[in-house]
1. Give me the percent of DSSP beta bridges within segment 125-240 that run antiparallel, rounded to the nearest 5.
2. Which value, in debye to the nearest 20, gives the size of the charge dipole of segment 1-140 about its Cα centre, when Lys and Arg are +1 and Asp and Glu are -1 at the Cβ?
3. Measure of size requested: the Rg and Dmax of segment 53-129, with Cα atoms as the atom set and Å as the unit; please supply both.
4. Of the DSSP beta bridges with both residues in the chain, give the percent that are antiparallel, rounding to the nearest 5.
5. For helix 109-125, what angle does its Cα long axis make with the longest principal axis of the chain, in degrees from 0 to 90 and rounded to 10?
6. Taking only C-alpha pairs under 8 Å that are 6+ residues apart, what is the relative contact order of the chain in percent?
7. Where does the charge balance sit around LEU86 when Lys and Arg score +1, Asp and Glu -1, over other residues with C-beta under 10 Å from its C-beta?
8. Rank-order 54-62, 131-139 by packing density, defined as the average count of other C-beta atoms within 10 Å over each peptide's residues, highest first.
Amino acid sequence: MAIKAPDTSDGLTPARDLAEGMQMAFPGASPDYLQARKGLLAEEIELRRHATRLAQQRQALPPGPVITAPYRFKDEQGFDATLADLFGDHDTLVAYFWMYGPQRERPCPMCTNWLGAVNGNAADIKQRVALKIFGRSPVARQYDFAQERGWRHLDFVQTVGDDYARDLGLLNEDGTENPALVVFRKDGSAIRLFWMSQMRREMADPGQDPRDYPDIASLWSVLDLTPQGRGTDWYPRLSY
């Protein structure tokens, strides 16, 4: 299913026409600034429309493959659990695998940054879908770090064995890990993959760090609004 190019046949007012109605909050803007800002606003409107079409296309995906592997987990209380158990009362499960395996003294700083932001919305997210954070470290070790960070709303799960990580290609030959965001969906008694990122490192554009779209890290979304942007050699640290 191809994403249609922006046009006006869907009854939408052209983005550039909408941008002409832009109101400046502060006086004294130069003609060059006004012209450039209106052009940027038109692109922002087009991006919003494209993102909406992208979300609709994602939501219209045909049924994904049935998950048949007998993955085993330890849930947030340390009890044995299956993938089906992790759904709770929901029919959708959002599962983030973070880089905090037993060989790591401290978790990945980028995973930590993302989880810190998600923690603030986790209680709301869990009203609509199940949300679990998968890690290869024991549940208690993951919660110890969560307590250190002040995370109160995230549910951590241990992957028992490495079948899950290996099947998703998250373990490198040197023992390091890669993160993964996966969305599963119940289909009767079956569990299907709904969506997971298929963007790989080799798909990155020149001069950019590999990243997905939508960019789920609010850190980068905020920095993209600034004159300096996200930069090319700056990353958050575990301590400040």
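1. Close to 70 percent.
2. Details: 16 positive and 16 negative charges, 67 e Å.
The calculation lands at about 320 debye.
3. Rg and Dmax of segment 53-129, Cα atoms, are 15.3, 42 Å.
4. Around 70 percent of the beta bridges assigned by DSSP in the chain are antiparallel ones.
5. Rounded to the nearest ten degrees, it is 90.
6. Relative CO of the chain lands at 20 percent.
7. So the environment of LEU86 carries a net charge of -3.
8. So the peptides 54-62, 131-139, ranked by packing, come out 131-139, 54-62.
The values are calculated or read from the model by the stated rules, or taken from the named source; none is laboratory data. Predicted model only: the values in this text are computed from it and were never measured. Don't worry about glycine lacking a Cβ; one is built from the backbone with ideal geometry, like all the others, and counts go over all protein chains shown. With ligands, DNA and RNA removed, areas are computed over all heavy atoms of the protein, side chains included. Shrake-Rupley method; radii C 1.70, N 1.55, O 1.52, S 1.80 Å.
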